[in-house]
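Read the structure below first, then the notes.
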Amino acid sequence: MRIDILTCLPKLLDSPFSDSILKRAQEKGLAEVCVHDLRDFSNNKHKKVDDYAFGGGAGMVMTIQPIADCIAHLKEQRTYDAILYMTPDGEKFEQNTANELSLLQNIIILCGHYKGVDERIREKYIDREISIGDFVLSGGELAAAVVSDAIIRLIPGVLSDETSALTDSFQDGLLAPPVYTRPAEYQGMKVPEVLLSGHAKNIEEWRFQEAVRRTKKRRPDLLTE
Ligand code: ADE
């Protein structure tokens, strides 16, 4: 899978993709993440990518030209399955969204900044507008990193234990059960006996019951949907 991220602040995306699972996914050739600086596509002599909002008001608006030219440049090289726009007024990003997007080959993610992008970009180019939650970030970059991480870790072969993505919270509509590691006892705090028993069926049943208990307590909304 290839993800092209369009931003006017590319440095913000340096570190999320240069460590751990996302780095290894790229090294293994399972994912390719390309970050594009919209300023490189600006026809403005000062490489501006924003302008004042028509009608007035505080905040700048990202202009059409650099975004349109960057998208055209990318589309000349390959076809894209979807162009996403990160924005707090988009559909809420959930595990299901990540599952769906992880099946695509090539996607573009446009990061909004300032007051956002000229509405005509949204109308003409964007297939899906995505919010990572009901709060406002200073830009779409961190949101794009969150979405990319959630997608890439689902690509087969990215996680070393392939089944582990299936046991994540939300994959079966439940939160994940508690986990423990050595030592079996620490300052009087003991690991539940069943996990030390070696009895696979009992362990599976315990984990399921704990997942249900935790979900009822913390996220009852997940059980009623
Ligand atoms: N840009 C700013 N806030 C955002 C959010 N909550 N989700 C996605 N993109 C954003």
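Using C-alpha pairs under 8 Å with a sequence gap of at least 6, the mean separation divided by the residue count of segment 38-157 gives a relative contact order of 29 percent. The residue list Ala211, Val146, His199 was ranked by how far each Cα lies along the charge dipole of segment 143-225 toward its positive end, using unit charges on Cβ atoms, and Ala211 comes out on top. Among Met1, Met86, sorting on how many other beta-carbon atoms sit within 10 Å of each Cβ, with the fewest leading, yields Met1, Met86. Considering the options Leu175, Ile5, Gly56, tell which one lies farthest towards the positive end of the dipole of the chain, charges being +1 on Lys and Arg and -1 on Asp and Glu at the Cβ, about the Cα centre. About the Cα centre, the residue reaching furthest to the positive side is Leu175. Under a cut-off of 28 Å between alpha-carbon atoms, report the lysines in cross-link reach of Lys190, not counting same-chain residues fewer than 8 places apart. Result set, ordered by chain and number: Lys201, Lys216, Lys217.
Note on the chain: GNM, Cα springs under 10 Å; of Ala184, Ala53, Ala145, the largest mean-square fluctuation is that of Ala184. For segment 169-224, the relative contact order comes to 46 percent (Cα pairs under 8 Å, sequence separation of at least 6).
The DSSP beta bridges internal to the chain are antiparallel in roughly 20% of cases. In segment 169-224 the Cα-Cα distances spread across 10 Å bins starting at 0 as 23, 43, 29, 5 percent of all pairs.
Between the amide H of Gly90 and those of Ser131, distances stay under 5 Å, these residues lying 5 or more places away or on another chain, with hydrogens modeled in the peptide plane. Sparse packing (at most 14 other Cβ atoms within 10 Å of the Cβ) combined with a DSSP loop state is found for the following chymotrypsin sites (Phe, Trp or Tyr not before Pro) in segment 35-96: Phe54.
A DSSP coil position with no more than 15 other Cβ atoms inside 10 Å describes the following trypsin sites (Lys or Arg not before Pro) in segment 115-216: Lys115.
Under a model in which nothing but the beta-carbon of Lys, Arg (+1) and Asp, Glu (-1) is charged, the chain shows a dipole of about 380 debye around its Cα centre. Ranking Ser42, Leu84, Ser15 by Cα position along the charge dipole of the chain, where only Lys, Arg, Asp and Glu carry charges on their C-beta atoms, puts Ser15 farthest toward the positive end. The GluC sites (Glu not before Pro) of segment 93-199 that DSSP puts in a loop, and whose beta carbon has at most 16 other beta carbons within 10 Å, are Glu94. Multiplying the residue separation of Arg219 and Glu193 by 0.36 nm and subtracting their alpha-carbon distance yields 6.7 nm. Calculation over all alpha carbon pairs of the chain in 5 angstrom steps from 0 returns a P(r) of 1, 6, 12, 15, 16, 13, 10, 9, 6, 5, 3, 3, 1, 0 percent.
Pairs from the table (Lys75/Lys124; Lys23/Lys92; Lys28/Lys92; Lys23/Lys75; Lys11/Lys115) lying more than 22 angstrom apart at Cα are Lys23/Lys92; Lys28/Lys92; Lys23/Lys75.
Only the coordinates and a few stated rules stand behind these numbers; no lab work does. All figures in this text were calculated on a predicted structure; none of them were measured in a lab. Backbone-built Cβ (ideal geometry, glycine too); neighbour counts: all protein chains shown.
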